[in-house]
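K.L.:
Got a structure for you, questions after.
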Amino acid sequence: MAATPFLQAIAVSKTYLGTTVSGIKSTDLTISKGRITAIIGESGSGKSTLLKLLYGLLSPDTGEVLFKGERIWGPAEKLIPGHNAMKMVTQQTDDLNLYAKVWDNIALMLPHTDLKAEQEKIEKILVQLKMTALSDKQVVNLSGGEKQRVAIARALIGDPEILLLDEPFNQVDTSFREGLQQDIRQIVKDTGLTVIIVSHDPAEVLSMADELLVLKEGEILESGNPKTLYQNPQYLYTARLLTNCTVLTKEEAKICGLKTRANHIVIYPEWIETVKTWGGNNWEIKQVLFKGCYEDMLLERKGITIRVLNDQFGKYKEGKKINLKLKKWLEY
């Protein structure tokens with residue numbers, strides 16, 4: 001007998017009518033327990049709508065969402081929408097008590113029946129999210145990233161089985177974002193928590209997720225392991241989402257000395273080497289952009305622009321012409 005899926009959407013749809021039709025078309029989806037699933041897609045592709053359907057904040061037009069085989073009720077049937085075994089954190093932190101301490105904001109989410117157990121639980125979550133030094137600070141005095149940590153702590157303190165994150169790191173400074181992401185990964189590893197995250201940031205989902213779902217116009221286009229999807233996406237749409245790649249038409253590829261029958265080829269910046277090969281084509285360096293641990297170079301030839309990564313700082317100057325070697329490309 002087949003095991004009951006942990007979280008499952010069956011033929012779920014939700015349509016918003018307007019100048020353009022948006023939402024989620026009839027969709028089947030299964031979320032595995034104890035993993036981080038990331039939902040990515042262009043703005044308006046239905047990412048947040050799908051997340052809200054899974055949580056029960058929205059009632060589907062058709063189909064149903066099941067948690068451990070039982071239907072999740074939407075706001076039309078449940079007084080307080082949202083499944084009791086789940087918690088959602090968005091980029092907004094408006095529900096925090098700004099003039100209360102961090103400790104008190106977290107404690108508000110617990111029943112005050114066992115004060116010793118409550119204290120131990122709060123201390124544990126503060127350590128897990130590296131917030132111990134913030135416990136006595138008023139929320140109003142925290143940065144946006146610190147407030148987001150408090151919101152996540154409040155969501156986790158009640159031991160939900162599923163944590164849903166809707167663009168949760170937008171307010172978090174880049175220097176702290178990766179640390180928070182890895183803290184959540186560690187919590188997943190330690191506790192078996194299931195996380196579903198909506199994100200527009202490729203770097204975020206590639207380093208954090210176990211599974212990617214790619215949404216396009218309200219439908220799941222493809223899904224899989226982040227590394228596999230990055231290296232060999234089935235669709236041009238996915239390649240464009242996951243990296244700042246160069247896309248050439250068949251005619252442009254021919255000018256570059258590449259033979260293809262496909263309509264488009266995709267070249268990732270890291271697949272190009274600056275050496276004296278690739279048919280002797282001369283490429284002019286139009287821009288050299290400092291990116292910290294590498295340079296992002298924009299090269300042009302006969303009106304075609306490509307992007308190349310360079311880790312040899314200062315070697316190439318704008319206006320210089322160089323030759324390139326292409327290690328790999330994708331065809332669509």
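K.L.:
Considering the stretch 6-24 alone, what residues qualify as being modelled with pLDDT of 95 or more and either closer than 22 Å to Pro75 by Cβ or charged (D, E, K, R) (or both)?
P.N.:
Listed by number, the residues that qualify are Leu7, Gln8, Ala9, Ile10, Ala11, Val12, Ser13, Lys14, Ile24.
K.L.:
Follow-up. Would you check which residues across the stretch 37-85 are at pLDDT 95 or above, among the basic types (Lys, Arg) and assigned to a loop (DSSP other than H, G, I, E, B) and list them?
P.N.:
Lys68
K.L.:
Further, regarding this structure: Answer yes if at least one residue in the stretch 226-235 is under 30 Å from Ile36 (Cβ atoms), charged (D, E, K, R) and modelled with pLDDT of 95 or more, and no otherwise.
P.N.:
Yes.
K.L.:
Given Leu57, Leu66, which one is surrounded by fewer than 22 Cβ atoms within 10 Å (Cβ to Cβ), touching a helix residue (DSSP H, G or I) at 6+ places or on another chain (Cβ under 9 Å) and either more than 26 Å from Ala203 (Cβ to Cβ) or without any contact (Cβ under 8 Å) to a residue 12 or more places away in the chain (or both)?
P.N.:
It is Leu57.
K.L.:
I need the full set of residues from the stretch 200-212 which are within 11 Å of Ala38 (Cβ to Cβ) and surrounded by fewer than 23 Cβ atoms within 10 Å (Cβ to Cβ), in order please.
P.N.:
His200, Asp201, Pro202, Glu204, Leu206, Ser207, Asp210, Glu211
K.L.:
Of all residues in the stretch 214-239 being within 14 Å of the chain's Cα centre (by Cα) and touching a residue at least 24 places away in the same chain (Cβ under 8 Å), which is surrounded by the most Cβ atoms within 10 Å (Cβ to Cβ)?
P.N.:
Filtering first and then ranking leaves Leu215.
K.L.:
Now, a different point. For the stretch 11-53, which residues satisfy the criterion of being among the aliphatic types (A, V, I, L, M) and surrounded by 15 or more Cβ atoms within 10 Å (Cβ to Cβ)?
P.N.:
Result: Val12, Ile24, Leu29, Ile31, Ile36, Ala38, Ile39, Ile40, Leu50, Leu51, Leu53.
K.L.:
Within the stretch 69-86, does at least one residue satisfy the condition of being surrounded by fewer than 16 Cβ atoms within 10 Å (Cβ to Cβ), closer than 30 Å to Pro233 by Cβ and assigned by TED's automatic domain parsing to the domain that holds Asn225?
P.N.:
No - not one qualifying residue is present in the stretch 69-86.
K.L.:
Please specify each residue of the stretch 283-318 satisfying the condition of being of a type outside the set (Lys, Arg), exposed (fewer than 11 other Cβ atoms within 10 Å of the Cβ) and outside any strand (DSSP E or B).
P.N.:
Gly292, Cys293, Gly303, Asp311, Gln312, Gly314
K.L.:
Closer than 30 Å to Asp28 by Cα, β-branched (Val, Ile, Thr), touching a Pro at 6+ places or on another chain (Cβ under 9 Å) and not in a loop (DSSP other than H, G, I, E, B): does that describe Val89?
P.N.:
yes
K.L.:
Of the conditions (1) under 29 Å from the mean Cα position of the chain (by Cα); (2) at pLDDT below 95; (3) not aromatic (Phe, Trp, Tyr), Glu118 satisfies every one except a single condition; which number is it?
P.N.:
(1) is the only condition that Glu118 fails.
The values are calculated or read from the model by the stated rules, or taken from the named source; none is laboratory data. Here the structure is a predicted model, which is why all the values come from computation and not from measurement. Neighbour counts run over all protein chains shown; Cβ positions are idealised from the backbone, glycine included.
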